[in-house]
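**Student:** Below is the structure I would like to discuss, written out as structure tokens.
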Amino acid sequence: MTAEAPATELPLARAEAGGYPWRLLRQQWLGLLGGAITALMVALAVLGPYVTPYDPNETSTAVLKAPGGSHWFGTDEFGRDTFSRVLAGARTSISVPLAAMVLGVAAATLLGMLSAYGGGPLDLALQRVMDTFLSLPTLILAMFFVAIFGADAKNLVIVLSIAVVPPVQRVARASALAVLQQPYVEAARAVGAGPWRLLAYHVLRNIATPIVVISTTGVGALILAQAGLGFLGLGVTPPTAEWGQMLSLARPRALDAPWLALFPGGAISLAVLGFNLLGDTLRDAWDPRLRSRLEGS
Amino acid sequence: MTAYLVRRLLLVPVVLLLLSALVFWGIRLIPGDVVDFRLESSYTPERAQQLRDALGLNRPLWQAYPAWLAGALSGDLGKSFISDRPVTSEILERLPVTVELLVLSLLIQVVVGIPLGILAALYHRTLVDRLVLLGSIVALAIPSFWMATLVLTLPSLFFRWSPPFGYTPFFDDPLRNLYQFSIPAAIIGLFLTAIILRLTRAEMLEVLRQEYITTARAKGLGERVVLLRHALKNALIPVVTVLGLAAGSSIAGAVIIEHIFALPGLGSYGVDAVVRRDYTAVQGFVMVVGLAYVFLNLVVDMLYSYLNPRIKYG
């Protein structure tokens, strides 16, 4: 497919759009819903552990209680309050993918711009390395690096961000290639801007939008990948609450205590749904042409 | 186009070589000595030496990598740390399960996703369309392992029926085998069915707007012919590329679902290998998945350029 062609149109299309994205965002209730869920999830990721009704790791004699008045989501086999654990779980289940996205996107943007600016052998070598990382599905790549580095929260962020870099740097590179051909870049160069100033000041600003959009769309997939690792027993170690791991621990008891499986899974789905809706809407707002292709309106 | 295909073909060995390097050197990035770490309680100097031999750790790296690569090229991926059996034969034993799972899952994605996509496009902006789209949005947000847990739990709570568990080889009892595989395959396919559905719908809507559709109708062709011959055929071209990607990401789906349904496939092998830190098995598993993924993408790219000769590659 022609990677260059649409990229050349990017800066122009955006300039013409003006305040259009925001108006569209106001008209999109699904996007607003997504934004609300996303805001809730981010708030939980920051505040989750502080607003729980019980200590998420505190055991009690109220073992395997069904959801009810004092325990909204019931309790697990150690008498821990599931509602508190779901709230506290956001700390890992949301923050880790978000941090991985930020870290990965920063690295990808830098690499993509350098690849586009450097060109030649540097570009060739870097892109082949990226192809190599792309030759594995995200989850498998993450499993491989978890096998190497082990899994604590910090390592999970690094592992997931490694999976973010290749596709995002492709977008950054393609957009940067297009921007580098613009007359204003040439003008900046002519008045003596050095490579760093050129990239940071002129290129970065003009490729930021597509990168922000593609990153938002990708958060949902990262939440799923991190929960998947947790489910396979390759995530953070217990007793730290994490939704994927809670779900896997609930599995042997799912018949007697289905609520243990219901709520963490629901939390994952809700979070992914929120980020997906927000990402889709941002993408549509940024590129209405794409919207007509995907939504057919 | 030929130049593109030649370039595309030449890239395959380069990427595979880099992948093998990643897999080989990756294991050597492990902090400390793999062998000390691996043996922990059962550490004896002889056992450590044996493991270092197996991994090629006591050879200088510039010798170890070519030796490992030559082995891998001739199909020898080394011996498992745990079972002491050749990783290659362990993988080959498990491959049929995963392949069957992927084929079934892909079949479900095509048989469910494409017709639903067409349906939604034909009833654009009606209740049918909205329901199908809503379903796809929900399906995209449900993790496969949650779905699997629910499928294994809810029916037995409400209907006293639970899905089949375990594994019967296809040639022992084809019907029992298909019965066991259908539910895991459907769960793997759920996510991708939603993607294929959305893409089919969007492409159909796009194509139905084209002038040649109006022409076909104007010259009096029946709606069936217009839809199937003219519209669908063109709408499905982009869907083909997604199917290739789908097969790839189904591998990741299979990893989790095989683990849950206790199916002895490549995916559960990979999970066990990572959990037990069986490094030779991890190397072999990652190498085989990468190989499959690279070739799938190659086939899709070729198919795509064959189906749509107008595509130019930059």
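**Student:** Might you report the magnitude of the Cβ-based charge dipole of chain B about its Cα centre, with Lys and Arg at +1 and Asp and Glu at -1, to the nearest 20 debye?
**Tutor:** I would put it at about 1240 debye.
**Student:** Under the rule a/c < 1.5 gives rounded, and otherwise a/b versus b/c splits prolate from oblate, where does the range A:168-297 land using the Cα gyration tensor?
**Tutor:** prolate
**Student:** Restricting to DSSP H runs of at least four residues, report the calculated mean residue ellipticity at 222 nm for chain A, -39500 (n - 2.57) per run over all residues, nearest 500 deg cm²/dmol.
**Tutor:** About -24000 deg cm²/dmol.
**Student:** Using the beta-carbon distance between A:Gln181 and A:Leu122 and R0 = 22 Å, what value does 1/(1 + (r/R0)^6) give for FRET efficiency, to the nearest 0.05?
**Tutor:** Calculated transfer efficiency: 0.75.
**Student:** For the range B:133-214, just the Cα atoms, rotate onto the principal axes and tell me the three extents in Å, largest first.
**Tutor:** 53, 31, 20
**Student:** Can you list the residues, at least 5 places off or on another chain, whose amide H is less than 5 Å from the amide H of B:Lys79, using H built in the peptide plane?
**Tutor:** B:Val87
**Student:** With r as the distance between the Cβ atoms of B:Val240 and B:Leu134 and R0 = 25 Å, compute the FRET efficiency 1/(1 + (r/R0)^6) and round to 0.05.
**Tutor:** 0.45
**Student:** Still on this structure, I have one more. State to the nearest 20 debye the size of the charge dipole of the protein assembly as shown about its Cα centre, where the only charges are +1 on K and R beta carbons and -1 on D and E beta carbons.
**Tutor:** Dipole about the Cα centre, nearest 20: 1580 debye.
**Student:** What ranking of B:Arg201, A:Arg205 emerges when the number of other C-beta atoms within 10 Å of each C-beta is taken as an exposure proxy, fewest first?
**Tutor:** By the 10 Å Cβ count, ascending: A:Arg205, B:Arg201.
**Student:** Over all directions, average the projected area of the Cα convex hull of the range B:57-102 and note it in nm².
**Tutor:** The Cα convex hull of the range B:57-102, projected and averaged over all directions, gives 4.2 nm².
**Student:** Another question, if that's okay. Given Cα positions, please report Rg to Rh for the range A:134-182, the hydrodynamic radius being the Kirkwood one.
**Tutor:** 1.18
**Student:** In Å and whole numbers, how far do the C-alpha atoms of chain A stretch along each principal axis, longest first?
**Tutor:** 75, 46, 32
**Student:** What helices in chain B pass both tests, a Cα length along the helix axis of 30 Å or more and a mean Kyte hydropathy of 1.6 or higher, using whole DSSP H runs?
**Tutor:** B:2-28
**Student:** Taking every pair of alpha-carbon atoms in the range B:174-270, what share in percent sits in each 5 Å bin, from 0 to the bin with the longest distance?
**Tutor:** 2, 12, 17, 15, 12, 11, 10, 8, 6, 4, 2, 0
**Student:** Taking neighbour Cβ counts within 10 Å as the exposure measure, how do B:Leu95, B:Leu266 sort from fewest upward?
**Tutor:** B:Leu95, B:Leu266
**Student:** OK, next. Residues of the range B:118-147 with the amide nitrogen closer than 19 Å to a label point 7 Å from the Cα of B:Leu228, along Cα-to-Cβ, please.
**Tutor:** B:118-123
**Student:** With +1 on each Lys and Arg Cβ and -1 on each Asp and Glu Cβ, how big is the dipole of chain A about its Cα centre, in debye rounded to the nearest 20?
**Tutor:** 440
**Student:** In what sequence do B:Ser105, A:Ser215 fall when counting other Cβ within 10 Å, fewest first?
**Tutor:** A:Ser215, B:Ser105
**Student:** Hey, could you grab the Kirkwood Rh for chain B? Inverse mean 1/r over distinct alpha carbon pairs, Å, one decimal.
**Tutor:** Over chain B, the inverse of the mean reciprocal pair distance is 22.6 Å.
**Student:** Another one. What do you get for Rg/Rh of the protein assembly as shown when both radii come from the Cα atoms and Rh is the Kirkwood radius?
**Tutor:** 0.97
**Student:** Further, regarding this structure: Pick from B:Ala64, B:Ala235, B:Ala194: which residue has the top mean-square fluctuation in a GNM of chain B where Cα pairs under 10 Å get a spring?
**Tutor:** Among B:Ala64, B:Ala235, B:Ala194, the largest mean-square fluctuation in the Gaussian network model of chain B belongs to B:Ala64.
**Student:** Within the range A:148-166, name every residue whose backbone N is under 15 Å away from a label modeled 7 Å from Cα of B:Trp25 along the Cβ vector.
**Tutor:** It comes to no residues whatsoever.
**Student:** Can you tell which of A:His202, B:Val112, A:Ala107 lies farthest toward the positive end of the dipole of the protein assembly as shown, using +1 and -1 charges on the Cβ of basic and acidic side chains (Lys, Arg; Asp, Glu)?
**Tutor:** Highest projection toward the positive end goes to A:His202.
**Student:** Measuring from label point to label point, each 7 Å out along Cα→Cβ, what is the A:Glu77 to A:Arg205 span in nm?
**Tutor:** The modelled label-to-label distance comes out at 5.9 nm.
**Student:** Near the amide H of A:Gly74, under 5 Å away, which other amide H atoms are found, from residues 5 or more places off or on another chain, if H is placed in the peptide plane?
**Tutor:** Under 5 Å from the amide H of A:Gly74 lie the amide H atoms of A:Gly68, A:Thr82, A:Phe83, each far enough along the sequence or on another chain.
**Student:** Given a Förster radius of 60 Å and the C-beta distance between B:Glu93 and A:Val212 as r, what FRET efficiency does 1/(1 + (r/R0)^6) yield to the nearest 0.05?
**Tutor:** The pair B:Glu93/A:Val212 has a calculated efficiency of 0.80.
Read-outs throughout are calculated quantities, based only on the coordinates presented, and are distinct from any laboratory measurement. What you see is a predicted model, and the numbers here were worked out from it, not measured in a lab. Glycine gets a Cβ as well: all are built from the backbone with ideal geometry, and neighbour counts include every protein chain shown.
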